[in-house]
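The values are calculated or read from the model by the stated rules, or taken from the named source; none is laboratory data. These numbers were taken from a predicted model, which means no experiment stands behind them. Here the Cβ is made from the backbone with ideal geometry for all residues, glycine too, and neighbour counts use every protein chain on show. Heavy atoms of the whole protein, side chains included, go into the accessibility calculation; ligands, DNA and RNA do not. Shrake-Rupley method; radii C 1.70, N 1.55, O 1.52, S 1.80 Å.
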Amino acid sequence: MPAHALLAFVDFETADYLHKECEVPVTRLQATWVDLVRRVTRADGQCPASWRRA
């Protein structure tokens with residue numbers, strides 16, 4: 001499910017717009033994506049407390 005949520009807003013047009021029109025460097029786009037994936041997947045292997053069942 002998280003993979004679908006991450007990919008829902010990612011497409012070539014968005015990345016192209018951010019890079020060309022907003023002048024966001026490719027390295028920043030890549031770093032932001034890596035940061036988002038790490039936050040969602042939790043590199044420490046733990047689920048966020050808000051996702052745990054009561």
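Count the net charge of all other residues whose Cβ sits under 15 Å from the Cβ of Arg28, scoring Lys and Arg as +1 and Asp and Glu as -1.
-3
With every protein chain left in place, what is the accessible area of Thr14 in Å² (1.4 Å probe, nearest 10)?
The accessible area of Thr14 comes to roughly 60 Å².
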